[in-house]
Structure formats: C-alpha cells, structure tokens
Amino acid sequence: MLITLTDDWRNHDILDDGKKIRLQPGVIGADANRYLAPFQRKIGPDPASINSCKIGGIAANNASGMCCGTAQNTYKTVDAMKVVFHDGTLLNTADHDSVDAFRQSHQVLLAGIQSLCADVQKNEALKQRIQHKYRLKNTTGYALNALVDFTDPIDVLIHLMVGSEGTLGFIAEITYNTVIEHPFKASALLVFNDIETLPTPSPPCPKPLCQPLK
Ligand SMILES: Cc1cc2nc3c(=O)[nH]c(=O)nc-3n(C[C@H](O)[C@H](O)[C@H](O)COP(=O)(O)OP(=O)(O)OC[C@H]3O[C@@H](n4cnc5c(N)ncnc54)[C@H](O)[C@@H]3O)c2cc1C
C-alpha cells in the first residue's frame, strides 16, 4: 500500500506550553521546530535532512543527528502514537478507551509480546547483548531494546514501531516530548600543539566565554 503524506497529513497541536507537540506524519521536521520556536523548544530528533524529511519518516527510521544522538531520538522522546495496523485496527495510545479496546481485541498479539519480553528478561546474556548493541546509535532492524526497556506490551509496541520503516503499521500521528532549544549557542574549534597541553578536566570557565553570545 502506498500512502502519500501530502497536505491532508500536516496538522499539528502544541500541548502543555510547547513541552509536547502532536504531529501528523506529513509535517516536515523543520516546520515542527518552527511551531515550537516561540516556546524555546524543539523536537528531539535532528537528522541533517530535517528541512525536507517528514515526521513519519523520522519516526519510522528513528532518525537522529549530531546533537540528539541516542538521548533525544524518537525512541527516547515519543509520548504517544496513533497507529493503523495491517488489519485496519487503529490504536491511539493517548486515548484510554482506544488502549482498553486494543487490549481486548489483540490479546494474543500482546501476550506474544509479553512472552518475548519475559524470554529476553530471563536470558541475561541476550539482555546484555541487546543493551550493548543499543548503547550507540543502532537503527538496523527493529528496536529490540524495547523488549528490555519496557514491560507493558503497549509501550513495547509503540517503541517497536519506532524504526520499523512501515513494516509493522502506519504511524498516523505522534506526540513528542519536546526538548529545550537554547537561545544562545556557539561552537568552537580549539587547536592544541599536542595532547599533553590539553586543559585538565573541568577548568573554571573563563568569564567572557560564559557570557551569552549576542
Ligand atoms: C541529505 C540527507 C541527510 C540525511 N541525514 C540524516 C541524519 O543526519 N540522520 C539520519 O538518521 N538520517 C538521515 N538521512 C536519512 C533520512 O533522510 C532520514 O532518516 C529521514 O528521517 C527520512 O524521512 P523521510 O521523510 O525522507 O522518510 P521516507 O524516506 O519517506 O520514509 C522512510 C521510511 O519510513 C517509512 N514511513 C514514512 N512515513 C511513515 C509512516 N507515517 N508510518 C510508517 N512508516 C512510515 C517509509 O515507508 C520508509 O520505509 C539523511 C538523508 C539525506 C538525503
């Protein structure tokens, strides 16, 4: 099935004074950040393609860039998700009724997920291997770390959706916990003659450098 995420998929809602944002999958990443700018917030994921890629692709790839790394990617900052599964079921994790109905209608699926989690949890070697593989950026295959990080199968499911590239269902909406967009930022390239002349850790920050850059 091919779904084109054009104008009908570009709605957004700012929630909780910008601490959260609800986005349809056709919103361009940079547009989400423009909506959040007045609140000095932004979405966590920051792929270099943010000016053209869309929220659906960002979430379905678990895309991340130079600043967010693994700390502020979609996996870490997703708050809720609306998903359409292959059987046509709609799950909205922000809606208790929808979650309750899904727990009833998809007991077998959820029991299967729970059993996978239990298998991983009791296999210490496998658990450690998964944790080791996901300590760095790892977007190859499904987010198996969800089986280690969560116990509620609904939580596991939405975190498995992250990075699943459309193979598990269609992300129809996603709510992100946003992150701070610092108003003053600077970067610098400092060159030292050799590694011995590097300053020791935590030197007091020279006053002028601590001033916000205008
Ligand atoms: C110049 C350039 C720079 C890039 N920089 C980075 C980077 O810094 N970091 C990084 O991680 N990646 C990067 N990428 C890769 C890619 O652009 C990103 O991962 C981006 O998030 C993909 O978004 P998109 O809108 O192009 O998605 P698409 O390519 O359209 O989709 C990506 C995948 O997600 C699926 N998908 C899309 N929408 C949904 C949905 N609603 N529900 C379910 N599945 C869906 C698609 O089927 C597809 O499998 C870069 C790419 C380019 C061209």
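The values are calculated or read from the model by the stated rules, or taken from the named source; none is laboratory data. Fair warning: this is a prediction, and the values are worked out from it, not measured in the lab. Cβ sites come from the backbone with ideal geometry, for glycine too, and all protein chains shown count toward neighbours. These area figures cover heavy atoms from the full protein model, side chains too; ligands, DNA and RNA do not enter into them. Shrake-Rupley method; radii C 1.70, N 1.55, O 1.52, S 1.80 Å.
Temperature 4 °C, viscosity 1.567 mPa s: under these conditions the Stokes-Einstein estimate for region 45-169, based on its Kirkwood radius over C-alpha pairs, is 85 µm² per second.
Relative contact order, whole percent, for region 7-181 stands at 31, derived from Cα pairs under 8 Å and 6 or more residues apart.
Calculated mean residue ellipticity at 222 nm for the chain: -9000 deg cm²/dmol, from DSSP H runs with n ≥ 4 weighted as -39500 (n - 2.57), summed, divided by the residue count and rounded to 500. Taking all protein chains as shown and a probe of 1.4 angstrom, E165 keeps an accessible surface of around 120 Å². Note: the chain, Cα convex hull, 176 Å³ per residue.
Counting only protein heavy atoms and a probe of 1.4 Å, the accessible surface of the chain is 55% carbon and sulfur. Taking the charge dipole of the chain about its Cα centre, with +1 at Lys and Arg Cβ atoms and -1 at Asp and Glu Cβ atoms, the residue from N145, H159, L36 reaching farthest to the positive side is L36. Taking each of K20/K122; K137/K185; K20/K54; K19/K127 in turn, the alpha-carbon distance tops 28 angstrom for K20/K122; K19/K127. The stretch between L15 and A186, if pulled fully straight at 0.36 nm per residue, gains 58.7 nm over its current Cα-Cα span.
Around the amide H of D79, modelled in the peptide plane, lie the amide H atoms of T175, Y176, N177, all under 5 Å away and 5 or more residues distant in sequence or on another chain.
Relative to the longest principal axis of the Cα atoms of the chain, helix 96-105 runs at roughly 50 degrees. Dividing the convex hull volume of the alpha-carbon atoms in region 4-76 by its residue count gives 81 Å³ per residue. In the context of the full set of protein chains, the chain has a per residue accessible area of 62 Å² (1.4 Å probe). Using a probe of 1.4 Å, the accessible surface attributed to I171 totals some 10 Å² when neighbouring protein chains are kept in position.
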